[in-house]
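In what follows, a single structure is set out as structure tokens and then discussed.
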Amino acid sequence: LITIKNKYPAILESEQDNYLYSEISGYIKEINCHIGQTVSPGQVLMTLQHIIPGYEPIKIKSQIHGQIFSLSVKVGTQIKQGDLLANIVNPEKLLAHIEVPAEERQLFKIGSLGILSFSTQKENIEVEVKNIAPQVNRDTGTISMKLNLNNENSLVPGLLGVEEFEFSKNTGILIPQKAVAYERMKTIVRVIKNDVVTKVEVKLGDKNINNTVEVLSGLQPGDTVVTHSNKYLKTGDKVIIESIN
């Protein structure tokens, strides 16, 4: 097995948030909250006055338990339908968000465990893959993943960290790099069978370990591979094996 350790930038996000938008055109009549305030579901946060006289004021309420993350308006602000008024987040329930290169997608599955670290925190946090996006982002070439974590350290949304995952990968056959040659756009290895040289086309892996290379296909366990010779060897040449390293 080969152990691979990959690191990815991570950002903490609230698992629950509530963006509040205006459903009318008018102005802000009253605001009953402030940034950082803890609010409950159904709590009135502000009152909107319709632009058309005679309409009853509209009360804007929180849909979740959380804290006011941002206020986009103040008393007297003119608004139109669809304008953002406020954002509420629940800092107790956080997720870590990472972007993984598309070619590394096969390394992950739901439930994969990793370690999250922060420059501002002494202790590392164990995380678990919760969600994996079903397609690649065409702009970045990456796949989004959301990770569960235990927020015992009272971390806050927006905090940047580094996520490390360790993978065990089944290898093919490892041979010295110097045994590999390239001929006519093919990757070949010279193999000795019954004291005769045979050239075998092989497919290589992408990881080199201690000056060796992984052969994914083309060789069989027990094959004798030529790593060096005192002259150029071609297919059909008879050889005498002096040593096997």
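Charged neighbours of I192, selected by a Cβ distance under 12 Å, balance to 0 (K, R count +1; D, E count -1).
Each of F108, S72, V200 was placed along the dipole of region 58-200 (beta-carbon charges, centred on the mean Cα), and the one lying farthest toward the positive end is V200. Applying a threshold of 20 Å to the alpha-carbon distances of K29/K74; K61/K146; K122/K146 flags K61/K146; K122/K146 as lying beyond it. Restricting the GluC sites (Glu not before Pro) of region 85-177 to loop positions (DSSP other than H, G, I, E, B) with no more than 12 neighbouring Cβ atoms within 10 Å leaves E123, E152. Backbone amide hydrogens, once placed in the peptide plane, bring D83 within less than 5 Å of S22, excluding anything fewer than 5 places away on its chain.
The chymotrypsin sites (Phe, Trp or Tyr not before Pro) of region 1-87 that meet both conditions, a loop assignment by DSSP and at most 14 other Cβ atoms within 10 Å of the site Cβ, are Y55. Residues Y182, Y8, ranked from the fewest to the most other C-beta atoms within 10 Å, line up as Y182, Y8. For S217, the residues whose amide H sits under 5 Å from its own are K203, ignoring neighbours fewer than 5 places away on the same chain, with H placed 1.01 Å from N.
Using θ = phi - 60° in the Karplus curve 6.51 cos²θ - 1.76 cosθ + 1.60, the 3J(HN,Hα) couplings for region 45-55 round to 9, 7, 10, 10, 9, 5, 5, 8, x, x, 7 Hz; x is entered for Gly and Pro. In angstrom, the C-alpha Rg and Dmax of region 17-89 are 11.5, 34.
In this Cβ point-charge picture (+1 for Lys and Arg, -1 for Asp and Glu), the chain has a dipole of about 880 debye about its Cα centre. Taking 0.36 nm per residue of separation and subtracting the current Cα-Cα distance, fully stretching the chain between K59 and K186 would add 38.5 nm. Residues in region 141-153 carry Karplus couplings, in order, of x, 10, 10, 7, 9, 10, 10, 6, 8, 8, 9, 5, 8 Hz; the curve used is 6.51 cos²θ - 1.76 cosθ + 1.60 with θ = phi - 60°, and Gly or Pro positions show x. Over the chain, Cα pairs under 8 Å with separation of 6+ residues give a relative contact order of 19 percent.
Considering only the other residues whose Cβ falls under 13 Å of the Cβ of S112, what net charge follows from Lys and Arg at +1 and Asp and Glu at -1? Summing Lys and Arg as +1 and Asp and Glu as -1 gives -2. The list (i) -1.04, -1.15; (ii) -1.37, -1.48; (iii) -1.05, -1.31 gives values of log10 I(q)/I(0) by the Debye sum over Cα atoms at q = 0.15, 0.17 Å⁻¹, and only one came from this structure; which label was calculated from it? For log10 I(q)/I(0) by the Debye sum over Cα atoms at q = 0.15, 0.17 Å⁻¹, the calculated option is (i). What the phi angles of region 68-77 give under the Karplus curve with 6.51, -1.76 and 1.60, with θ = phi - 60°, is a coupling list of 5, 8, 8, 10, 9, 9, 9, 4, x, 4 Hz, glycine and proline written as x.
We did not get these values from a lab; they are worked out from the coordinates using the rules stated. The structure displayed is predicted, hence computed values, not measured ones. Here the Cβ is made from the backbone with ideal geometry for all residues, glycine too, and neighbour counts use every protein chain on show.
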